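The values are calculated or read from the model by the stated rules, or taken from the named source; none is laboratory data. The shown structure was predicted, so the numbers you read here are calculated from the model rather than taken from an experiment. Neighbour counts run over all protein chains shown; Cβ positions are idealised from the backbone, glycine included. Calculation scope for accessible area: heavy atoms of the full protein, side chains included, ligands and nucleic acids excluded. Shrake-Rupley method; radii C 1.70, N 1.55, O 1.52, S 1.80 Å.
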Amino acid sequence: MKTLDRSISRLISLLERRNPEGIEELKGLYCKCGRAHVIGITGPPGAGKSCLVAALVREIRRRGKTVGVLAVDPSSPFSDGAILGDRARMTEFSGDNGVFIRSFSARGASGGLAPVINDAVDVLDAFGKEVIIVETVGVGQVEMDIAKIAHTVVLTLVPGYGDSLQAMKAGILEIGDILVVNKSDQPGADGAVNDLSFEMPVTYGGKEFQCANIKADQWGVPIAKVSALKGDGVEDLVTVIFEHLMFITERNIFTGICQKRRSRQFLDILTQQVRDRFLETLKTDRDLQKWINKIENLKLDPYSASEQVVDLVEKARILADNGTTPRNNR
Ligand SMILES: Nc1nc2c(ncn2[C@@H]2O[C@H](COP(=O)(O)OP(=O)(O)O)[C@@H](O)[C@H]2O)c(=O)[nH]1
Ligand SMILES: [Mg+2]
């Protein structure tokens, strides 16, 4: 493995386990974040996302940009197999210093995948990867959260996509900034493009695309017809992806997405830390134990108990703001 990749990989593994040393390292890197363009590749299993990622990496490298790939497959019981498969597919990049690839399964991640992916994106960003591609399965809330990390979401579908769309969460179409009909080398791709589009054609990168204008803003969601396997349409797709980046950058949407991700990331970490510390305190704190006993014996309901805890925290904060510690003031 390349030396830099080894440092990145090591740090991501530490963060996956919420290792304090890794967290300290990330704290020091945080100021270097905020430059990378994060592309989310989502869509049903078997749509060809991993193949598409490989094709995108090839084209983005041809254009001279460095790339990090994070492949997420939390739901599949065959994750390990999928990871091996994806790795095999990605070995063509093993000699390229400009490409970093890492797969994730839910098994390795304590505290959920979204925080781990957030951290991994930050690590790659801080290490200077210009483009970060996150491949997700697109099923379930966690998947939707991961898709929200991206600035540009590419929803990958295939001819006859209707059934697989239903298997995914309702409203999945709306998360795509760009729709891809993959496997255009197979019959039915044109029909799928037509089914998806119900607007005027739009022009991006000097090319005309059908458009599924399902977003409220002015970005007409282009539909790209691609064969990830043969490479057809990939160059145009990358052009459109970068046009989307330009579009959102010029309108300050890029900054907005970053800021939202940061605040969500903060709340994730805060929730986790409050929970961890509370659970830790619970083991030793007699007063808290009494409280829990009341709940266990139906003398107090968990809603009222939680409200009381939140009230206590709020009061402590007000006292702290006034320059007195709550303990002194009791
Ligand atoms: N014919 C054809 N097959 C493809 C294309 N892209 C991917 N596949 C095949 O579809 C299957 C699933 O691909 P994969 O990338 O693993 O899908 P993922 O589950 O969405 O990541 C594999 O057998 C690929 O070889 C394509 O453009 N054309
Ligand atoms: Mg895949």
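Rounded to the nearest 20 debye, the dipole magnitude of the stretch 264-321 is 140 debye, with +1 charges on Lys and Arg beta carbons, -1 on Asp and Glu beta carbons, and the Cα centre as origin. Averaged over residues, the count of other Cβ atoms within 10 Å places the peptides 56-67, 308-319, 91-102 in the sequence 56-67, 91-102, 308-319, highest first.
Computed extension gain for L298 through I23, at 0.36 nm per residue and net of the alpha carbon distance, reaches 95.0 nm.
Over the stretch 185-311, average the accessible area per residue using a 1.4 Å probe and give it in Å², no decimals.
Values: 8450 Å² over 127 residues.
Accessible area per residue, the stretch 185-311: 67 Å².
Database remark: amide H of I41 closer than 5 angstrom to the amide H of V134, E135, T136, V154 (H placed geometrically; neighbours at sequence offset of 5 or more, or on other chains; Pro and chain starts carry no H). Compute the signed sum of charges (Lys and Arg +1, Asp and Glu -1) over the other residues within less than 15 Å, Cβ to Cβ, of N194. Taking every Cβ under 15 Å from that of N194, the sum is -3. Roughly to the nearest percent, how much of the accessible area of the stretch 264-321 is carbon and sulfur, given a 1.4 Å probe? On the stretch 264-321, the fraction of accessible area on carbon and sulfur atoms equals 59 percent.
For S184, what is the net charge nearby, where nearby means another residue's Cβ is under 13 Å from its Cβ and Lys, Arg count +1, Asp, Glu -1? It would help to have the intermediate numbers written out before the result.
Details: positive: K183, K225, K230; negative: D185, D190, D232, D236.
Its environment carries a net charge of -1.
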